[in-house]
1. Taking LYS7 as the residue in question, decide whether it is in a loop (DSSP other than H, G, I, E, B) and either surrounded by 10 or more Cβ atoms within 10 Å (Cβ to Cβ) or modelled with pLDDT under 95 (or both).
2. Kindly indicate the residue of the stretch 66-99 that is among the small types (Gly, Ala, Ser) and closer than 21 Å to VAL22 by Cα and also modelled with the lowest pLDDT among those meeting that condition.
Amino acid sequence: MLKQTSKIQEMSDGTKRSDVHVGQQVEVVKKNDQRTGVLTAGIVKRLLTKSANHPHGIKVELENGEVGRVKNILVLDRARNRTTSAMSLGINPQAKSEKG
């Protein structure tokens, strides 16, 4: 059995403002890519959505100046040395974390 090399925090799919932070690596859908669903990866520079939740994702500005709605919050999978979507790792955003 492989030992987990890094702790992965529970993340959401980007619809809760409290889960999105400046400096995080995310995938967003820009306005002109909404029909195709093309994702753009980047680092969050600032949060533009003021409400606590948004059904289509929190709107952010990336460090490169592009603006879009967060679809995935990315985490570093140290065991595989690559960036992976928290959702694809099977992290349940609805589950409560247990401290122990």
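The values are calculated or read from the model by the stated rules, or taken from the named source; none is laboratory data. All values derive from a computational prediction rather than experimental measurement. Backbone-built Cβ (ideal geometry, glycine too); neighbour counts: all protein chains shown.
1. Details: in a loop (DSSP other than H, G, I, E, B): yes; either surrounded by 10 or more Cβ atoms within 10 Å (Cβ to Cβ) or modelled with pLDDT under 95 (or both): yes.
So LYS7 fits the description; yes.
2. Filtering the stretch 66-99 down to residues among the small types (Gly, Ala, Ser) leaves 68, 79, 85-86, 88, 90, 95, 97.
Adding the requirement that they be closer than 21 Å to VAL22 by Cα leaves 68, 85-86.
On the way: GLY68: 97, SER85: 62, ALA86: 57.
Result: ALA86.
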